[in-house]
1. Take the stretch 32-54 and flag every residue that is touching a helix residue (DSSP H, G or I) at 6+ places or on another chain (Cβ under 6 Å) and over 16 Å from Gly16 (Cα atoms).
2. Scanning for something within 27 Å of Gly138 (Cβ to Cβ), among the small types (Gly, Ala, Ser) and over 15 Å from the mean Cα position of the chain (by Cα), does the stretch 210-231 turn up at least one residue?
3. Which of the residues belonging to the stretch 214-255 are out of contact with any Pro (no Cβ under 7 Å at 6 or more places or on another chain), of a type in the set (Gly, Ala, Ser) and buried (at least 16 other Cβ atoms within 10 Å of the Cβ)?
4. Under the condition of being modelled with pLDDT of 95 or more and of a type in the set (Val, Ile, Thr), which residue from the stretch 142-181 is nearest to Arg123 (Cα to Cα)?
5. Answer with yes or no whether Ala163 is in contact with a strand residue (DSSP E or B) (Cβ under 9 Å, 6 or more places away or on another chain), of a type outside the set (Val, Ile, Thr) and surrounded by fewer than 22 Cβ atoms within 10 Å (Cβ to Cβ).
6. When residues of the stretch 219-234 are filtered for being more than 19 Å from Leu175 (Cα to Cα) and part of a helix (DSSP H, G or I), how many remain?
7. Go through (1) in contact with a helix residue (DSSP H, G or I) (Cβ under 8 Å, 6 or more places away or on another chain); (2) farther than 23 Å from Ile233 by Cβ one by one and return the number of the condition Lys2 breaks.
8. So, in the stretch 145-160, how many residues would count as being within 22 Å of Thr21 (Cα to Cα) and either out of contact with any strand residue (DSSP E or B) (no Cβ under 9 Å at 6 or more places or on another chain) or without any contact (Cβ under 8 Å) to a residue 12 or more places away in the chain (or both)?
Amino acid sequence: MKIEGKVALITGGASGLGAATARMFVSAGGRVVIVDVNEELAAQFGASLGDRAAAAAADVAVPEDVARAIETARTRFGRIDVAVNCAGIGGARRVLGKEGPASLDWFSKIIRVNLVGTFNVARLAAAAMAANDPDENGERGVILNTASIAAFDGQIGQTAYAASKGGIVGLTLPLARDLARHAIRVVTIAPGIFDTPLLGKLPAEARASLSASVPHPARLGQPGEYAELARHIIENSYLNGEVIRLDAALRMAPK
C-alpha cells in the first residue's frame, strides 16, 4: 500500500514509537490522526505536524473513545487506511513478593490496555477499512500491532506484560485470516529495548547497561528504526499474518 494520500490512525501516537511512525507517515505524504490518552500532548504533537495531522484523546480499551477517534479520521480526512497500535503500558512485579501475591487488578489493567486495547482498535478500524474501495494492489487496509520480545523472553516480574504482548503475538495470524476476505492485512512488530520516554527516565548507568546487553549494534533501538520497519510493512503487500522481531539479536536474560 502506497502511503501517499493514505490516512493512518496511530494509538500512543504522541510519543515514542507512535510519534516516530506519525512523523514518517506524514513525511511520506500521508495524513494521520494522533490518538493518545494524554489529550494535551496529542494536540500539541498533532499541531507540530501541520494540517495533515489531527488529534483525538482516547483510552484504547473503551469502545466509545476509539469510535470517536475513527470518526475524527473520517470527518477530517474522509477515511482510514492504516491503524498502528503503539499504545501500551508496562510495570514489573513478582507473582509472590514480600507483601504476598501480586494484585489481580495490576495484572488485569496491563492486559486491558495492551491486549484488549489492541483488539478493540483493530476491530473498529477494520470495520471502517472494509468500506474502502480496494487500491491498485487490491488492498483496503493495514493493521500494524506492537508486541515485544517480552512475549518470547519475558523476564522475572514481567508476567502481566509478557502475557499481554504474547496475546498480541497469538492474535496476529487469526486476525489476519479473519480479515483476509476484506483485503486487510495484519502484521505485528515485536521490538526489543528501544529509547522511548519510559527508558529515558532511567539513570545513565542503567541505560548503558541495557545498551551493552544488546549483541549488535550494542545500543538502544531508535524509534525511527521502528518507523522504518512500519513503513516497509505498510508498503509490502505480501507481508501478512507475521510477527517480526526488531531487537538486534537480543534474547533477554531471566532478570
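1. Scanning the stretch 32-54 gives Arg52, Ala53, Ala54.
2. Scanning the stretch 210-231 turns up no residue that is within 27 Å of Gly138 (Cβ to Cβ), among the small types (Gly, Ala, Ser) and over 15 Å from the mean Cα position of the chain (by Cα).
3. Of everything in the stretch 214-255, those that are out of contact with any Pro (no Cβ under 7 Å at 6 or more places or on another chain), of a type in the set (Gly, Ala, Ser) and buried (at least 16 other Cβ atoms within 10 Å of the Cβ) turn out to be Ala227, Ala230, Ser237, Gly241.
4. Here the residue is Ile143.
5. On the way: in contact with a strand residue (DSSP E or B) (Cβ under 9 Å, 6 or more places away or on another chain): no; of a type outside the set (Val, Ile, Thr): yes; surrounded by fewer than 22 Cβ atoms within 10 Å (Cβ to Cβ): yes.
Taking the combined requirement at face value, the residue does not satisfy it.
6. Filtering the stretch 219-234 for residues more than 19 Å from Leu175 (Cα to Cα) gives 219-229, 231-232.
Add one more test, that the residue is part of a helix (DSSP H, G or I), and what stays is 223-229, 231-232.
Counting residues in the stretch 219-234 that are more than 19 Å from Leu175 (Cα to Cα) and part of a helix (DSSP H, G or I) gives 9.
7. Just one mismatch for Lys2, condition (2).
8. The qualifying residues number 0.
The values are calculated or read from the model by the stated rules, or taken from the named source; none is laboratory data. Remember, it's a predicted structure, so these values are computed and weren't measured experimentally. Every residue, glycine as well, gets a Cβ built from its backbone with ideal geometry; the counts of neighbours run over all protein chains shown.
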